[in-house]
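The values are calculated or read from the model by the stated rules, or taken from the named source; none is laboratory data. All of these numbers come straight from a predicted model, not from anything done at the bench. Glycine also receives a Cβ, built like all others from the backbone with ideal geometry; neighbour counts cover every protein chain displayed. Surface areas here come from the heavy atoms of the whole protein model, side chains and all, with no ligands, DNA or RNA. Shrake-Rupley method; radii C 1.70, N 1.55, O 1.52, S 1.80 Å.
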Amino acid sequence: MQQNNRAQFATRLGVVAVTVGSAVGLGNIWRFPYEAGVNGGGAFLLLNLFFVFVIGVPVMCAEFVIGRHTGSNVRSAFRRLAPGSAWSLVGYIGITASILILSFYSVVAGWTMEYIYRSLTDFCGIRSATALHDRFDTFASSNWRPVMWTLLFLLCNYAILARGVEKGIEKVSNILMPLLFIILIAFCINSLFMPDAGKGLSFLFRPDFSQLTPKSVLSAMGQAFFSLSLGLGCLITYASYFSRRTPLMKTAFLTASLDSFVAIMAGVIIFPAVFTYGKEPAAGPKLVFEVLPAIFAEMPLGALWSTLFFLLLFLASLTSTISMSEISIACMCDDLGMKRRNATRLNIGIAMAFGTLCALSFGCLGGVRVFGMTLFNLFDYVSSNVLLPLGGMLISIFAGWRLNHAVLKGELDATSRGGRIFLRILIFCMRYVAPPCILIVFLAGIGVL
Ligand code: PHE
């Protein structure tokens, strides 16, 4: 069913680099630690791992199968597999979620650019918790600077996306991902030697289930979907560029493992510092930006480490946002016959408008509340906790129940005995575990059950 003239990722390493590049980003290094901080640490981590491997991996395989089998973008994949049915709605859920995520994500990526700039020009080695807090607040609530960085970040996206799939996306990911791993390991080692490392590690690894509420269970599930880039068809789009030789189950398992590993590393970097520098683990979205500068201030060559860290965070964000944008760009190019350059312009233009609103929601639009949330929080909540789980559930039902079983098995193609056992478990989870589990957690989390 695959189309012949479609772009393809050139190598297997390239496939892993782009999928891990999409998965690893602010979701692991910025969002995971603060969500874990707000939701009680160890218990959140355990739940998150459950959702990643029991629900995330099957949904990821479902996306891979649909994408590679049809060789289509998210909208037409469902139209081809189930013509004339309501399934194409899944495509529209994905496109909406991708625009919402791109908008608020670019604001945080913009903050990383401000911190790179500061590390280079004005690294003052502040250690005091209140001073770091004030510094961040003054910046984020100012009107033009965060907006400027958000727009600049989106322009960087444009520069890569307009170059296309192999030359832009794959090349950049191949270089950046290995570099990110090396630097994270160096920071982990540094944090392990901090005076209060023990307290930080026990916060992260000792589960205290008394802290969990239905809402935090929903957050752990939302975090798993967000971090694995699932439920919005991002991986359907990427898989449409996979070659027939790419082993889907292995790629899914490897991506989920590396993604969780990076999130845990981020926790190991941050929580020892939170306790050592007397910060509050439940500080919310500012956590990373207020805690890490205190670590850099302590380190020899702090300015250099600080620049390097925020640079890598910026680059990791970039490999994630290009994957989000590719969802709608592929739809516009394939289905509306638009030129890639124009489709990219439209996508980035819309994100710029919404991104500006999100950036200003820390400043002059702070008073604008929808369901009690600022625009930034609303975009995050609706996408991660509503649209992604909903999309994930539908994708999993589609692949498990509606898609031809022979196609599903053929695409997942287990050759060894272990592989076949794994395939059975995977299909079982895809059919019987993921859909009801997502539904129950979702309904309980929003207070309906
Ligand atoms: N997974 C990315 C991260 O963790 C975010 C993302 C979400 C990317 C959805 C693509 C699609 O940062």
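Using the structure shown, select from LYS215/LYS250; LYS215/LYS409; LYS199/LYS286; LYS171/LYS250 the pairs with a Cα to Cα distance greater than 24 angstrom.
Numbers: LYS215/LYS250 32 Å; LYS215/LYS409 36 Å; LYS199/LYS286 21 Å; LYS171/LYS250 22 Å.
Table pairs above 24 Å Cα-Cα are LYS215/LYS250; LYS215/LYS409.
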How large is ³J(HN,Hα), in whole Hz, for each residue of the stretch 41-54 in order, when computed from phi with the Karplus curve 6.51 cos²θ - 1.76 cosθ + 1.60 and θ = phi - 60°, using x for Gly and Pro? x, x, 5, 5, 4, 4, 4, 4, 5, 4, 5, 5, 8, 8
In Å, the C-alpha Rg and Dmax of the chain are 20.9, 63
Accessible area of HIS69 in the full protein assembly, 1.4 Å probe (Å², nearest 10): 40
Accessible surface of MET338 in the full protein assembly, 1.4 angstrom probe, to the nearest 10 Å²? 60
Over the chain, with neighbouring protein chains present, the accessible area per residue in Å² at probe 1.4 Å is 38
Can you compute the charge dipole magnitude of the chain about its Cα centre, using +1 on each Lys and Arg Cβ and -1 on each Asp and Glu Cβ, nothing else charged? Give it in debye, rounded to the nearest 20. 1320
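Of the peptides 44-56, 215-227, how do they stack up when ordered by the mean number of other Cβ atoms within 10 Å, highest first? Before the final figure, lay out the partial values.
On the way: 44-56: 21.8, 215-227: 25.1.
Listed from highest to lowest mean packing, they are 215-227, 44-56.
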Report, by chain and number, residues whose modeled amide H sits under 5 Å from the one on LEU403, excluding near sequence neighbours (fewer than 5 apart, same chain). none
Apportionment of accessible area to carbon and sulfur, the stretch 293-354, percent (1.4 Å): 70
Kindly provide the chymotrypsin sites (Phe, Trp or Tyr not before Pro) of the stretch 331-387 that DSSP labels as loop, not H, G, I, E or B, and whose Cβ sees at most 16 other Cβ atoms within 10 Å. PHE371
Once phi is turned into ³J(HN,Hα) by the Karplus curve 6.51 cos²θ - 1.76 cosθ + 1.60 with θ = phi - 60°, what whole-Hz value does each residue of the stretch 113-118 show in order, with x for glycine and proline? 5, 4, 6, 5, 4, 5
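Can you give the alpha-carbon Rg of the stretch 180-234 over 2.2 N^0.38 Å, where N counts its residues?
1.54
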In sequence order, calculated HN-Hα J values of the stretch 394-406 (Karplus, 6.51, -1.76, 1.60; Hz; x Gly/Pro): 5, 4, 5, 5, 4, 5, x, 10, 9, 5, 3, 4, 5
Which whole-number percentage describes the relative contact order of the stretch 313-432, with Cα contacts under 8 Å and a sequence gap of 6 or more? 13
Amide H to amide H under 5 Å from ASP196: which residues, 5+ apart in sequence or cross-chain, H placed 1.01 Å off N in plane? THR276
Sort the stretch 223-314 into rounded, prolate or oblate with this rule: let a ≥ b ≥ c be the square roots of the eigenvalues of the Cα gyration tensor; rounded if a/c is under 1.5, and if a/c is not under 1.5, prolate when a/b is larger than b/c, oblate otherwise. prolate
